[in-house]
Amino acid sequence: MNLRRSAIVVVLVALVATAVTVTAGARSQGTLSGAGATFPAPLIAVWQQEYKRDQVNYNAIGSGGGISAITNRTVDFGASDAPLTPDQFSACKGCIQLPWVLSATSVMYNLDGVKNAIHLNGRAIADIFMGNITNWNDARIRRLNPGVNFPDRRITPVYRSDGSGTTYNFTDYLTSVSPSFKSRVGGPNTTVNWPAGVGARGSSGVAGVISRTEGAIGYADIAYALKNHIKFAAVQNKSGKWATPGLRSIKAASLADKKFSKTNELSIVNPPKGKKFLRAYPISTYSYVLLPLKTSKAAQLKAFVTWAVTTGQRFGPKLIFQPVPSYVLARAKSQLTRVKS
Amino acid sequence: MASVSETVVDPAAATLRRRGRFSPGDAFLYGITLAAALSALVLLVLLARELIADAWPAVQEFGLGFVTSRTWDPSTDVYGAATFLFGTALTSFAALLLAAPLSIAIALFLTELAPRWLRGPVGTLVEMLAAVPSVVLGLWGILVMGPWIVEHVGPFLHRTLGWTPFFKTEPATGPSMLSAILILTIMMVPIISSICRELFLNVPRELREGALALGATRWEVVRGVIFPYARAGVAAALILGLGRAIGEAIAVTQVIGNNEAITWNLFDPGDTLASRIASLYVGATTKLQISSLVYLALILLAFSLVVNLLARVIINRVAARHQVSA
Amino acid sequence: MSDHVLTAKSLTSEHRTRRRIVNWVVEGVATLAALTAVALLLIVVGSVAKRGLGAINLDFFTKTPSLLGFDVASSGIANAIVGTFVIVGLAVSMALPIGILAAIYLNEFAPRRVQSVMTVAFDVLNGVPAIVVGIFVFVFIVSGHGQAAWKGSFALAILMLPLVTRSTQEVLALVPSSMREASLALGAPRWRTTLSVVLPMAVGGIITGATLATARVAGETAPLLFTSALAGNAVSWQPDEPLSSIPMFIFTSAEQADPALQEQAWGAALVLIAFVLVASMVARAFGLRSRRRLTGGR
């Protein structure tokens, strides 16, 4: 009976296959899965290699994706440069955010024949991204850079098309230096209505488009500019000095806010005028890890985050991540006790 | 045949079975196959229900004005689809404009004009173009076609057609509406040409041979016999190709630049319904934004349904007419 | 014939030269069009081959991806290959049985009216864009529950179903009804006839249709964007967690600025194209042969 025999064979094979699949990998206990911001991703990539206790998987899908992933409990931890809004906190149903990384958003540009670290102040940057300045040889740019020879080349602003905490940081800065930006474009937010330019996915995507487009200008964490050999601008802070993203300028900016909000938020964008902030780079920001308050992986998550804000910070400076100050470390340790299983 | 001889059964038992019209085995098979056949309907109903349910907050908030509103502003949580409808329409129809003559010419080549030994291989190659995954076409579009447009094709188009609103500025970036249009054209051509090829092959031989007997050239046969006969079918093929272009998300989102402006300048970036859903859905942060994106998906679904049914209606009418006149 | 082109008057020898020239021009244009399409295919496949070949080595198939561009030289897409295998395999196991059963109903049991209505449903399902299917599956079973490879398979299965059903239906229709009638005349019940007579004859065509549908969905990215995208770097065969896949790898690597990562994207594209094209061509050749056997000889 050919039919019956082949049916038996098929069923047996299916059973064996199922058994093999089920036993071949019982879900490994030592995995932490996370998703979110591309801003801290370069440092988290190093952590993935250096952290030995568990295997950490991280998907850099943007802060918006991280917030929605942790809200849906699709991952064990989320990451976002944009602090959660009250609505997002309530949607998350018992989440906590902790600053764990400190760095800066660079304003990167691709322009042949022009040196690194050209001067761009907040107004100029806002005008560029609003589409008011459309050519590199515009007087408003030349005025800030005497002696620099700008070619006749169209400016292509590059922004984040996905939900991005870097966009939040960047628009936070632009709305504080340009009232017309605030009214025309809006923000700070993880997505805004950019009037001009091209969108790209992720900080890598922004770096990609910029490196392929002559005359492009965009924003991403400084690590991406350095890694892809893209030039970045010096931005004028409130004290009138020109600062580039670097460990010292980020540290100076971090002094702008030492007082945690109730949700552990620290806002250090565009520090005020003052002797402390002479070197401050005005588009610096903390990035946050998002944890559920009640999770079966509480012990592992706490161990990982504690390691990240202590030992993990050691790997930061090479990628221009300034180690977090001691009060951030203290706050993390005390707040982590709220995470329970 | 071996399998038939296996079903030879005892004649007495066969008589018994013939008495009852449906044996339990038959009923079982009938049951599970009917259930399987209903799966498509069930899936469609589920699809519509889930999408409508999730889009409902946006539908309630914006109503039908969503379709005409040009605002897509996450800062104020106000959303509208007009920009993406424009982008979808512009890219799809422009691609159709390019793909239609190309595909019909290819179908003609493969059915009438090519030497017989060439038809098979070339036909296969054209169909292989349909097998290229859209993410690979998008990759090629980003890294090969985009720079090529910016460096060579773009300046040429700007010089010659710069007086039209379509090529007003110098091409600046690879990601642009033009890139999306070209990629969509490449995707549509194999679909349209394979359907047209079937249509042209189905033209009754007597009609073709009659024309040839009268001394018509090959082109005159095409113009006088094949085109009039296959006209409606070709229209259906074009509509189906259009449907493909409207729904393409991945390749388009890779090359179109994701900008929310309504612009006729093809060197500018833009966005389509499908592309916007693909780029924003993962990172949408407010409930209203999420349901606005599902609202976009609903509009996209409605378009593809209309397109499909339209093509079907045409095909059915063509089939009926040809059956009657045969 | 409605057109006036072929009147006796227009076919006179007076215009013969001009008509010949017009014909010649049109034939040239059509040839050019076909050459353009072939050239496009060769350009795309050629680009992928040229740029991707450099990334192909043993490491590419056995190692896992580099973390953000560190150590690209000794990284690979092993987890994506395994993930695609699992996801597509599950999709086939979901879509194939249902598609075949549905085709059996449509071809063997359904009255004409019912058959045409249901065929419309399958055709409409076929026209639903992949991204909409992805959103549907996300909203239906992922939102609030988490991503998983089998949920991605479910989305791919929805895309495969109309293709498998239609191709199986076509093959079943090609089976001569004399075979069915002979079997029924001998007293075999309908179900026996279908399983032992009709299906075995159609097996070749069914495999062809299934292979073509598989090749089609193996390259789909949109349905996986929301159902199986948050995958780990390690090789995993678990269907209940999100797994990496080759299309998703290409999608995310395509936009990187790092040329080494771009090369890997090309390499993955080469692997994908090779699989899709080879599977399609083999299926088509096999299908032609089995179809000829069904309709031509015995």
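Looking only at segment A:268-287, decide whether some residue is part of a helix (DSSP H, G or I) and under 17 Å from A:Ser80 (Cβ atoms). No - not one qualifying residue is present in segment A:268-287.
Which of (1) outside any helix (DSSP H, G or I); (2) out of contact with any helix residue (DSSP H, G or I) (no Cβ under 6 Å at 6 or more places or on another chain); (3) surrounded by fewer than 21 Cβ atoms within 10 Å (Cβ to Cβ) is the odd one out, the single condition C:Ala188 does not satisfy? In the conditions (1) outside any helix (DSSP H, G or I); (2) out of contact with any helix residue (DSSP H, G or I) (no Cβ under 6 Å at 6 or more places or on another chain); (3) surrounded by fewer than 21 Cβ atoms within 10 Å (Cβ to Cβ), C:Ala188 misses (3) alone. Note on segment A:303-327: residues that are crowded, with 20+ Cβ neighbours inside 10 Å and more than 18 Å from the chain's Cα centre (by Cα) total 1.
Checked against the criterion of being within 19 Å of C:Thr227 (Cβ to Cβ) and either assigned by TED's automatic domain parsing to the domain that holds C:Pro176 or of a type in the set (D, E, K, R) (or both), segment C:102-122 has no qualifying residue.
One line per residue, one yes/no per condition, for (1) under 27 Å from A:Gly62 (Cβ atoms); (2) not small (Gly, Ala, Ser):
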{"site": "A:Gly215", "(1), (2)": "yes, no"}
{"site": "A:Asn228", "(1), (2)": "yes, yes"}
{"site": "A:Lys231", "(1), (2)": "yes, yes"}
{"site": "A:Ala252", "(1), (2)": "no, no"}
{"site": "A:Leu255", "(1), (2)": "no, yes"}
{"site": "A:Lys258", "(1), (2)": "no, yes"}
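Of all residues being assigned to a loop (DSSP other than H, G, I, E, B) and either of a type in the set (A, V, I, L, M) or within 11 Å of another protein chain (Cβ to nearest Cβ) (or both) in segment C:33-63, which is farthest from A:Leu43 (Cα to Cα)? Just the residue, please. Top of the filtered list is C:Ile56. The single condition among (1) crowded, with 22+ Cβ neighbours inside 10 Å; (2) without any contact (Cβ under 8 Å) to a residue 24 or more places away in the chain; (3) farther than 30 Å from C:Phe140 by Cβ that C:Ser253 does not meet is (3).
Listed here are the helices (runs of 4 or more DSSP H) enclosed by segment B:185-278 that have at least 2 residues being within 11 Å of another protein chain (Cβ to nearest Cβ), over 24 Å from the mean Cα position of the chain (by Cα) and surrounded by fewer than 24 Cβ atoms within 10 Å (Cβ to Cβ): B:205-213, B:218-221. Listed conditions (1) within 8 Å of chain B (Cβ to nearest Cβ); (2) in contact with a Pro (Cβ under 6 Å, 6 or more places away or on another chain); (3) farther than 18 Å from B:Thr285 by Cβ are all met by A:Gly215, apart from (2). Scoring A:Lys241 on the criteria (1) more than 7 Å from chain B (Cβ to nearest Cβ); (2) of a type in the set (Lys, Arg); (3) within 18 Å of the chain's Cα centre (by Cα) leaves a single failure, condition (3). Just one residue in the set A:Ala200, A:Ala216, A:Ala253, A:Ala196 is closer than 30 Å to B:Asp271 by Cβ, under 19 Å from the mean Cα position of the chain (by Cα) and among the small types (Gly, Ala, Ser); that residue is A:Ala200. Residue check: is C:Thr208 of a type outside the set (Gly, Ala, Ser), more than 12 Å from chain B (Cβ to nearest Cβ), surrounded by 22 or more Cβ atoms within 10 Å (Cβ to Cβ) and under 19 Å from the mean Cα position of the chain (by Cα)? So C:Thr208 fits the description; yes. The single condition among (1) modelled with pLDDT under 95; (2) closer than 26 Å to B:Glu260 by Cα; (3) under 19 Å from the mean Cα position of the chain (by Cα) that A:Arg184 does not meet is (3).
If we scan segment B:121-133, do we find a residue that is within 14 Å of chain C (Cβ to nearest Cβ) and loosely packed, with under 15 Cβ neighbours inside 10 Å? Yes, there is a match, as at least one residue in segment B:121-133 is within 14 Å of chain C (Cβ to nearest Cβ) and loosely packed, with under 15 Cβ neighbours inside 10 Å. Can you confirm whether C:Phe226 is buried (at least 21 other Cβ atoms within 10 Å of the Cβ), assigned by TED's automatic domain parsing to the domain that holds C:Val137 and touching a Gly at 6+ places or on another chain (Cβ under 6 Å)? So C:Phe226 passes the test.
For segment C:164-174, which residues satisfy the criterion of being surrounded by fewer than 21 Cβ atoms within 10 Å (Cβ to Cβ) and not small (Gly, Ala, Ser)? Result: C:Arg166, C:Glu170, C:Leu174.
Entry remark, segment B:48-90: residues being β-branched (Val, Ile, Thr) and within 14 Å of chain A (Cβ to nearest Cβ) number 4 in total. Conditions: (1) more than 14 Å from chain B (Cβ to nearest Cβ); (2) part of a helix (DSSP H, G or I); (3) over 27 Å from the mean Cα position of the chain (by Cα). C:Leu67 meets all but one. Number of the miss? The single condition C:Leu67 does not satisfy is (2). Every test in (1) within 30 Å of C:Val128 (Cα to Cα); (2) within 11 Å of another protein chain (Cβ to nearest Cβ) is passed by C:Glu170 save one, and that test is (2).
Total residues in segment C:131-147 satisfying the condition of being at the interface with another protein chain (Cβ under 7 Å from one of its Cβ atoms) and either part of a helix (DSSP H, G or I) or under 22 Å from B:Leu242 (Cβ atoms) (or both): the figure is 6. Just name the residue that is surrounded by the fewest Cβ atoms within 10 Å (Cβ to Cβ) out of those in segment B:153-184 that are touching a Pro at 6+ places or on another chain (Cβ under 8 Å) and outside any helix (DSSP H, G or I). The qualifying residue surrounded by the fewest Cβ atoms within 10 Å (Cβ to Cβ) is B:Glu170. All of (1) at pLDDT 90 or above; (2) at negative phi hold for A:Gln49 with one exception: (1).
The values are calculated or read from the model by the stated rules, or taken from the named source; none is laboratory data. Owing to the predicted nature of the structure, the values given are computational and were not obtained by experimental measurement. As a convention, Cβ positions derive from the backbone with ideal geometry for all residues, glycine included, and neighbour counts pool all protein chains shown.
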